[in-house]
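Asks: Starting off with a structure, shown below.
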Amino acid sequence: MELLQMPELMGLSLLVGLLALVATAAMARGWLRAEEDKASQPIGCRKSQKVNESKKSGSKKQKQNQRVRKEKPQQHNFTHRLLAAALKSHSGNVSCMDFSSNGKYLATCADDRTVRLWSTKDFLQREHHSLRANVELDHATLVRFSPDCRAFIVWLANGDTLRVFKMTKREDGGFTFTATPEDFPKKHKAPIVNMGIADTGKFIMTASSDTTILLWNLKGQVLSTINTNQMNNSYAVISPCSRFVGSCGFTPDVKVWEVCFGKKGEFQEVLRAFELKGHSASVHFFAFSNDSRRMASISKDGTWKLWDTDVEYKKQQDPYLLRTGRFEEARSMPCRLALSPDTHVLALAAGTSIHLFNTRRGEKEDCFPSVHGECIADLTFDVTGRFLASCGDRVVRLFHNTPGHRAVVEEMQGLLKKATSESTRQRLQQQLTQAQEVLKSLGALKK
């Protein structure tokens with residue numbers, strides 16, 4: 001019985017083996033076709049299949065890099081024969097500057113959350129080093145030195161309040177900056193336009209764009225509130241003598257108040273002192289001279305004016321108008337103003353350009369076009385009057401004050417003609433020679 005089943009088993013085995021061979025042959029043929037198709041493709045196509053993912057990741061990185069490049073602002077390039085220095089440590093736009101009263105330092109603040117301290121003795125050097133103070137979780141829009149140069153105050157952009165930084169000198173000559181534990185309380189209801197510290201150290205002034213000026217003691221307590229009644233404030237400042245506070249705004253005048261203190265140094269009151277009247281449109285900006293005996297103003301009526309404010313205002317004596325000059329740019333855009341310490345030079349900033357006027361003759365002497373990549377945010381002379389500083393983008397630029405040296409030449413030549421004693425003539429001649437030598441070295445001596 002078993003012998004009869006053997007042929008059937010053998011036939012079944014042969015059938016299974018044949019099926020297996022057919023399946024293997026089919027798989028082999030398919031593999032060969034796939035290899036032939038791959039070989040027939042161009043080399044670039046085959047490579048693209050292998051690096052497709054890497055290309056995708058690479059393109060993402062390139063797009064990210066392109067975005068970074070687009071977001072990073074280009075550095076504004078500016079050159080001029082009277083450019084003395086360019087201070088370049090800030091990574092954000094600089095909004096405010098202040099020279100220390102001893103003339104040794106320049107403080108600058110920017111939206112990169114830092115305040116930087118520069119040494120004025122390095123201005124004419126090739127490299128300019130600065131010390132950095134970090135503004136935690138905020139950035140400063142305004143900065144002002146204390147009269148003793150041992151501290152500075154800043155206005156916080158997001159906090160809308162005032163913060164004090166103490167400066168401690170280190171053994172290596174640098175400084176350690178420490179913020180006081182508490183900021184000043186929030187009192188202003190509108191954006192701040194300016195702040196300052198009296199040179200006597202008795203009070204701090206802050207002014208906002210509504211009509212409010214606040215006077216504070218150094219502990220953060222409000223001494224007095226002034227309503228300027230000018231519809232809005234465009235600027236306000238303390239006089240260098242610390243006796244006055246002035247403001248300008250929508251009205252065509254500059255209002256000045258006297259801040260009164262007692263014999264023991266206690267605050268008493270704020271009294272209306274005098275006004276600068278003569279403009280026919282709103283006043284953009286104004287400034288006091290170093291001795292507070294002169295003031296300058298720039299108005300939307302297209303004129304600037306120089307005033308004698310050394311008057312007996314308590315006897316109702318008004319300031320005298322000394323000079324009026326034309327500046328048409330003021331009609332169409334806001335302007336800033338800086339008056340040199342000796343009042344001989346008036347600097348006006350409109351947009352990105354700076355214009356320098358001789359106040360003795362009322363004539364424009366120099367113009368620096370397109371100084372910054374952004375509108376000029378601040379403009380000031382150093383305490384000696386040698387340099388004019390400006391900011392607007394990430395760079396602070398300093399210019400030689402050649403109109404100031406020319407004014408000295410004119411003044412000394414006039415005084416020499418009237419001098420009677422030999423000692424006076426020698427002194428005047430020495431000052432004249434020094435001013436002429438400076439102008440000659442700058443290539444600005446007029447023949």
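Asks: Any residue at all in segment 332-352 that is more than 26 Å from VAL143 (Cα to Cα), surrounded by fewer than 23 Cβ atoms within 10 Å (Cβ to Cβ) and of a type outside the set (Ser, Thr, Tyr)?
Replies: Yes, that holds for at least one residue.
Asks: For segment 155-167, check the following and say yes or no: at least one residue is farther than 18 Å from ASN102 by Cα, free of Cβ contacts under 8 Å to residues at least 40 places away in the same chain and either of a type in the set (Ser, Thr, Tyr) or open to solvent by 90 Å² or more (accessible area, probe 1.4 Å) (or both).
Replies: yes
Asks: Pull up segment 232-263, narrow it to residues that are assigned to a loop (DSSP other than H, G, I, E, B) and of a type outside the set (S, T, N, Q), then point me to the one that is surrounded by the fewest Cβ atoms within 10 Å (Cβ to Cβ).
Replies: Ranking the candidates gives LYS263 first.
Asks: Looking at segment 183-198, is at least one residue of a type in the set (S, T, N, Q), open to solvent by 40 Å² or more (accessible area, probe 1.4 Å) and under 21 Å from the mean Cα position of the chain (by Cα)?
Replies: no
Asks: While we're on this one: If I ask for residues that are under 13 Å from SER247 (Cβ atoms), out of contact with any strand residue (DSSP E or B) (no Cβ under 6 Å at 6 or more places or on another chain) and not β-branched (Val, Ile, Thr), which ones from segment 200-230 would you list?
Replies: Correct list: ASP210, ASN227, ASN229.
Asks: Still on this structure: Find all pairs meeting these conditions: Cβ atoms under 6 angstrom apart; at least six residues apart or on different chains; first residue within segment 308-328 and closer than 17 Å to ASP253 by Cα; second residue of a type in the set (Val, Ile, Thr).
Replies: GLN317/VAL311; PRO319/THR309; PRO319/VAL311; ARG323/THR359; THR324/THR303
Asks: Which of the numbered conditions does TRP118 fail, given that it passes all the others? Conditions: (1) more than 25 Å from ASN217 (Cβ to Cβ); (2) over 15 Å from the mean Cα position of the chain (by Cα); (3) surrounded by 15 or more Cβ atoms within 10 Å (Cβ to Cβ).
Replies: Exception for TRP118: condition (2).
Asks: So is LEU271 among the aliphatic types (A, V, I, L, M), without any contact (Cβ under 8 Å) to a residue 24 or more places away in the chain, farther than 28 Å from VAL371 by Cα and open to solvent by 20 Å² or more (accessible area, probe 1.4 Å) or not?
Replies: So LEU271 passes the test.
Asks: Any idea how many residues of segment 85-99 are in a loop (DSSP other than H, G, I, E, B) and surrounded by fewer than 20 Cβ atoms within 10 Å (Cβ to Cβ)?
Replies: Of the residues in that region, 5 qualify.
The values are calculated or read from the model by the stated rules, or taken from the named source; none is laboratory data. These figures come from a predicted structure and were not determined experimentally. All Cβ positions, glycine included, derive from the backbone under ideal geometry; neighbour counts span all protein chains shown. Remember, those area values only see protein heavy atoms, side chains included, never the ligands or the DNA or RNA. Shrake-Rupley method; radii C 1.70, N 1.55, O 1.52, S 1.80 Å.
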